[in-house]
Each structure stands twice: as C-alpha cells, then as structure tokens.
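The values are calculated or read from the model by the stated rules, or taken from the named source; none is laboratory data. Note that the coordinates shown come from a computational prediction; the quantities given were computed from them, not determined experimentally. Methodologically, a virtual Cβ is constructed for each residue, glycine included, from the backbone with ideal geometry; neighbour enumeration extends over all protein chains shown.
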Ligand SMILES: [Zn+2]
C-alpha cells in the first residue's frame with residue numbers, strides 16, 4: 001500500500017469510511033494537499049461482501065392450502081441460507097397490518 005501521494009508526494013492520511021448498512025469500515029488513503037484518494041482493496045471488498053448479505057426481499061404469492069388455510073413457500077435460497085428443515089418450529093408474529101414476522105427457534109449446537 002502506497003503511503004505517499006502519487007501526485008504531490010505528500011504523506012497520505014488513513015481514513016476509515018463508514019458505509020451505510022455495513023459494520024465493516026472501508027479504509028481509504030487521502031492526500032491532505034491535493035484531492036487524491038484511494039480505497040484499500042481488502043477493506044472495501046469486505047464492505048461489499050457484507051452489503052451483499054443484507055436482507056433479502058422476495059416477492060411471493062400466497063397459495064391456497066385447504067379450505068380456510070393459506071400458505072407461502074420458502075424458496076431454495078431462503079431454505080439454504082437459513083438452514084430450514086421440514087418440521088422445524090418457527091414463531092409467527094403480526095406487529096401491524098402490513099408485516100408478518102417469522103422467527104426461527106435458536107438452533108441446537110449439533111445442527112450447526
Ligand atoms: Zn497529493
């Protein structure tokens with residue numbers, strides 16, 4: 001990693017940049033004299049990976065299961081990323097008229 005500005009040869013300042021939605025900070029090197037700056041590769045890569053893992057929003061249709069019961073499917077991506085299993089218990093709560101929250105029971109150590 002360069003510590004001198006390639007434009008004016010001044011010492012670069014290390015600055016942590018907070019990215020919205022990410023815990024990791026991207027590290028940048030900024031020149032105090034001119035406006036040169038660069039991002040440190042590893043740290044910015046971590047931020048990008050972290051953002052990629054942030055909440056999923058999937059559009060789904062409600063299906064009819066039986067006379068008075070409706071359901072939704074969990075697609076393969078959801079099943080895999082949450083390690084859902086057939087017969088597993090989940091808690092459903094309805095905080096308001098526009099949200100259904102599903103909470104997965106804490107998994108036993110042996111299932112990890
Ligand atoms: Zn400079």
Identify, by number, the condition in (1) assigned to a loop (DSSP other than H, G, I, E, B); (2) at pLDDT 90 or above that residue 58 doesn't meet.
(2)
Where residue 71 falls short, out of the listed (1) assigned by TED's automatic domain parsing to the domain that holds residue 102; (2) over 22 Å from residue 99 (Cβ atoms):
(2)
Could you list, in sequence order, all residues of region 68-84 that are exposed (fewer than 10 other Cβ atoms within 10 Å of the Cβ) and at pLDDT below 90?
76
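Could you grab me the full set of residues in region 47-75 that are closer than 30 Å to residue 5 by Cβ and without any contact (Cβ under 8 Å) to a residue 24 or more places away in the chain? Reasoning before the result, please.
First pass over region 47-75, keeping only residues closer than 30 Å to residue 5 by Cβ: 47-51.
48, 49 - these are the residues of region 47-75 that are closer than 30 Å to residue 5 by Cβ and without any contact (Cβ under 8 Å) to a residue 24 or more places away in the chain.
Could you list, in sequence order, the residues of region 1-32 that are in a loop (DSSP other than H, G, I, E, B), within 16 Å of the ligand (Cβ to nearest atom) and surrounded by 13 or more Cβ atoms within 10 Å (Cβ to Cβ)?
Within region 1-32, the subset in a loop (DSSP other than H, G, I, E, B) is 1-3, 5-10, 12, 19-24, 31-32.
Next cut, within 16 Å of the ligand (Cβ to nearest atom) only: 1-3, 5-10, 12, 31-32.
Within region 1-32, 5, 10, 12, 31 qualify.
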